[in-house]
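What follows is one structure encoded as structure tokens, with my remarks underneath.
The values are calculated or read from the model by the stated rules, or taken from the named source; none is laboratory data. Just so it is clear, the structure is predicted and the values come from calculations on it, not from any experiment. Heads up, the Cβs are rebuilt from the backbone with ideal geometry, glycines too, and the neighbour counts pull from every protein chain shown. With ligands, DNA and RNA removed, areas are computed over all heavy atoms of the protein, side chains included. Shrake-Rupley method; radii C 1.70, N 1.55, O 1.52, S 1.80 Å.
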Amino acid sequence: MTIMGSGPEPTSSRRGSSAWLQRAVAEIRRGRHLILHGNIHDLVWWRGDYLPLEDALAVVLENLHYRLIGFYDPVDHLRVRGDDDLARFEHHVRRAGRAARDGGAGRGDRDREAGREREPGRAPAPSTPSAGRTRTAALERRLTSAVDASPVPAYDGPQAALTAIRRVLAQDDEPAAFVVDGGDLLLFDPAHGDQADRSLLGVVKKAMLGAAEIQYQRNLLILTVGDLAALPEWLYRDEPFVQTVEVLRPTVEEREAYLQVLESRFHGASELAPAVLDRSVRALANLSDGMALTELDGLWRTSRAQRIPLDEPRELINRTRFGRKADPWAAHRGRDPRETRARLGARVVGQDAAVDRVGRALTAATLGIDLAADPHSPEARPKGVFFFVGPTGVGKTELVRALSELVFDDEAAMCRFDMSSFSEPHNAERFYGAPPGYVGHERGGELTNRMHQRPFSVLLFDEVEKAHESIFDKFLQVLEDGRLTDGLGRTAYFSQSLIVFTSNLGADSIYRQVRQGGPEGLPTYEQVSEHFEQEVRRHFAEKLRRPELLGRLGDGIVSFDIVRPEHVPVIVRKFLGYLVRNAGRKGVRLEVDEEPVIDLVVRTISDPAVAALGYRQVPVILTRALRDPLVHEIAEHGPDGHWYATVEPGSPVATVVRH
């Protein structure tokens with residue numbers, strides 16, 4: 001596909017082309033072969049037009065005065081541009097073959113064989129009338145992609161084709177350049193390939209080493225690969241005759257120029273005022289950071305298919321990236337903040353301060369009002385970031401589940417990562433994706449894979465203090481930029497997610513204070529909150545030496561209170577209700593005398609050693625004191641009748657009788 005540009009040229013185009021292409025041209029002028037890698041399947045900006053990479057390279061090589069230009073890939077095989085080029089190509093191949101059979105002829109012999117003796121200081125004369133073509137004719141030929149309809153020499157196999165290319169590059173009659181596309185499909189690391197693979201690598205290496213130089217211009221071989229790691233490093237590392245050049249994603253200026261070419265295709269674009277149209281295109285260019293030019297075509301297609309106007313750039317980007325019509329964040333905007341706090345508080349008992357802070361932060365996040373300089377910046381951070389710190393078993397994970405159910409109507413939208421599983425370097429790479437060339441690279445990262453599968457998520461990073469230190473670099477990127485790219489080059493976006501870190505930092509020391517003070521000397525919530533916040537700040541600043549993470553968290557540090565006896569009755573009644581209902585489903589009529597049971601649980605959990613394990617000890621105590629005796633009696637006497645359970649004064653277990 002070739003698209004003719006009509007809008008203002010980006011900064012890079014005023015210098016003639018994209019920055020990476022300028023570098024490639026400079027390396028060619030230095031006499032180096034190229035390995036182009038990265039964004040090789042995208043369109044290329046070249047002097048006002050958008051061309052496929054192959055067409056752009058054909059134009060560049062012609063402007064650099066290469067006379068014989070060809071292409072090879074495993075599907076379309078070897079191609080040159082015209083019948084005359086094909087004849088000259090085969091002539092060079094045959095002559096090189098005869099020279100090899102004759103023991104090698106000198107270059108002067110080959111000149112005389114061709115019937116011409118080159119004058120010193122003179123470039124080779126054109127062998128075809130094409131040298132006199134006008135600029136207009138040359139441009140027309142380039143833009144019609146004549147390469148696609150070019151003659152195909154009979155060199156279908158990669159071994160035969162690359163050997164022929166090597167022979168043509170070794171001749172010094174005329175400057176020749178060949179582009180081998182899909183090099184990563186042809187050339188494998190010898191450690192993982194067979195003899196044929198090693199032979200192909202040898203031919204390529206020999207072709208680069210043996211390329212002739214004609215009047216200070218070296219014959220050229222260009223390899224294009226999607227992933228540089230697919231090639232063996234010895235092919236290019238520390239080799240003065242070859243240079244790797246990364247084909248970069250388009251800059252914001254290039255994206256804006258391309259979108260200006262496409263702007264008329266967007267839904268409702270004709271109805272927008274020029275100033276609104278320009279502002280919308282500029283915003284869309286910012287928001288599409290990291291997208292290839294060909295991916296931008298998906299924006300106008302989405303716009304037309306789902307009738308999203310160009311002046312709603314954020315919605316258009318989200319719909320294109322995430323493909324979800326119902327925005328759960330938009331649905332949450334109309335919810336009363338008091339309802340939010342009530343629903344969260346019903347799930348988490350004894351943490352009123354934490355619930356209130358989370359509720360307020362959630363309301364602010366859904367309204368979308370913040371201090372960002374540019375609301376259309378591509379650096380769309382997560383909707384909310386929290387650091388829950390406090391003792392174990394006090395409701396941190398339960399509050400995350402409640403958030404997931406509240407926002408996304410689905411607890412399964414919560415994804416929990418046990419960060420103690422990523423404490424070693426090799427496990428850390430499994431979390432964010434191994435780099436190219438390493439084991440597991442092809443699987444991507446667990447975190448980025450999750451975000452690709454379900455971008456509307458609550459991400460819980462449990463016991464984050466146990467993670468390997470390299471993971472915190474990735475967290476910084478996520479919190480700052482709202483995106484993360486794995487080893488496969490895939491970018492995951494976190495702008496529609498909630499991120500929650502949990503930690504028990506400082507829990508041991510706070511319960512030492514509780515044991516020393518006794519039940520009557522429990523610290524206030526303000527003291528508990530100050531203690532945990534100090535522990536978090538000390539951990540990041542002194543142990544991890546990552547104080548910048550604290551800046552990204554802002555006021556998202558939420559301290560959870562310790563276990564307090566006054567909150568136990570509510571939790572006990574909740575579990576007793578579960579027990580009675582579950583017994584009824586099995587045909588057992590059960591009545592529980594609540595107050596003695598509550599007193600037993602409160603006495604037990606008042607022990608600081610038990611309290612240190614959190615409110616999750618409540619069902620443990622009830623199981624031992626009430627459920628087990630109930631099950632024993634029913635197993636012995638059958639479920640019939642009306643069962644009654646109570647706790648006698650001073651007894652550690654309930655008495656269960658049938659009436």
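Contour minus end-to-end for Ser264 and Glu526, with contour as 0.36 nm per residue of separation and end-to-end as the Cα-Cα distance?
88.4 nm
Net charge around Asp473, counting only other residues with Cβ within less than 15 Å of its Cβ (Lys, Arg = +1; Asp, Glu = -1)? Around Asp473, the charge tally is -1. What the pair-distance distribution of segment 41-98 shows, using all Cα-Cα distances binned every 5 Å from zero, is 4, 16, 20, 22, 20, 9, 5, 3, 1, 0 percent.
Counting charges near Ala625 (Lys, Arg +1; Asp, Glu -1) among other residues having Cβ under 12 Å from its Cβ returns a value of 0. Model label sites at Arg581 and Arg490, defined 7 Å from Cα along the beta-carbon direction, differ in position by 3.9 nm.
So which of Lys474/Lys543; Lys383/Lys466; Lys396/Lys574; Lys466/Lys574; Lys466/Lys543 end up more than 23 Å apart, counting from Cα to Cα? Distance filter (> 23 Å) returns Lys383/Lys466; Lys466/Lys574. Need one word for segment 539-649: rounded, prolate or oblate. Basis is the Cα gyration tensor (sqrt eigenvalues a ≥ b ≥ c); a/c below 1.5 gives rounded, then a/b vs b/c decides. It is prolate, given that a/c is not under 1.5 and a/b is the larger ratio.
Of the GluC sites (Glu not before Pro) found in segment 447-530, not one falls in a DSSP loop while having at most 11 other beta-carbon atoms within 10 Å. His77 sits with roughly 50 Å² accessible to a 1.4 Å probe, with DNA, RNA and ligands left out of the calculation.
Binning the alpha carbon pair distances of segment 530-590 at 10 angstrom intervals from zero yields the distribution 18, 26, 16, 18, 15, 8, expressed in whole percent.
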